[in-house]
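A.B. asks: The structure under discussion is supplied below as structure tokens; questions concerning it will follow.
The values are calculated or read from the model by the stated rules, or taken from the named source; none is laboratory data. Not measured: the values here are computed from a predicted model. All Cβ positions, even for glycine, are placed from backbone atoms using ideal geometry, and neighbour counts span all protein chains on display.
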């Protein structure tokens with residue numbers, strides 16, 4: 001990123017989700033035997049007007065508020081997706097729902113969870129049917145045997 005003295009930037013901290021503005025207040029050019037080194041000093045908006053080398057700031061730096069906004073919305077969207085995914089997996093484990101098939105993007109604002117109901121019957125025509133007895137137990141029964149039992 002190119003810095004100029006007097007320019008204001010916005011830092012999204014890597015450890016917090018706060019947006020911290022800072023201003024470039026100094027450009028230092030150091031010429032040594034190994035070459036020219038250029039560093040920039042930022043002033044933070046605290047009471048002490050703390051000055052720090054820009055290279056020591058941890059996080060993403062933006063000079064454009066629209067790019068900053070877009071970055072933050074994308075991070076929020078991803079975080080919400082992870083929370084929903086975790087809740088669905090917990091639901092599957094705790095309540096044996098087991099019908100999550102993934103996400104389907106309907107809009108940019110919020111992901112829509114795509115679900116598919118489980119069927120205990122196969123799509124094939126057969127004399128055998130599957131019956132869900134609960135707790136993950138599925139019994140296969142021949143329909144002709146059921147007819148015999150019902151005649152007794």
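A.B. asks: Every residue in the stretch 30-54 that is surrounded by 11 or more Cβ atoms within 10 Å (Cβ to Cβ) and at positive phi, please.
C.D. replies: Initially, the stretch 30-54 is screened for residues surrounded by 11 or more Cβ atoms within 10 Å (Cβ to Cβ), giving 39-45, 50-54.
Answer for the stretch 30-54, where residues must be surrounded by 11 or more Cβ atoms within 10 Å (Cβ to Cβ) and at positive phi: there is none.
Rundown of residues vs (1) modelled with pLDDT of 95 or more; (2) touching a helix residue (DSSP H, G or I) at 6+ places or on another chain (Cβ under 7 Å), yes/no style:
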| site | (1), (2) |
| --- | --- |
| 4 | yes, no |
| 11 | yes, no |
| 17 | no, no |
| 22 | yes, no |
| 25 | yes, no |
| 28 | yes, no |
| 40 | yes, yes |
| 44 | yes, no |
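A.B. asks: Could you name every one of the strands (runs of 3 or more DSSP E) located completely within the stretch 32-84 that has at least 1 residues being farther than 21 Å from residue 16 by Cβ? Steps first, please.
C.D. replies: Working: elements: 35-43, 51-53, 59-62.
Per the criteria, 35-43.
A.B. asks: Since residue 27 meets every condition but one in (1) in contact (Cβ under 8 Å) with a residue 12 or more places away in the chain; (2) touching a strand residue (DSSP E or B) at 6+ places or on another chain (Cβ under 9 Å); (3) closer than 19 Å to residue 64 by Cβ, which condition does it not meet?
C.D. replies: The one condition residue 27 does not meet is (3).
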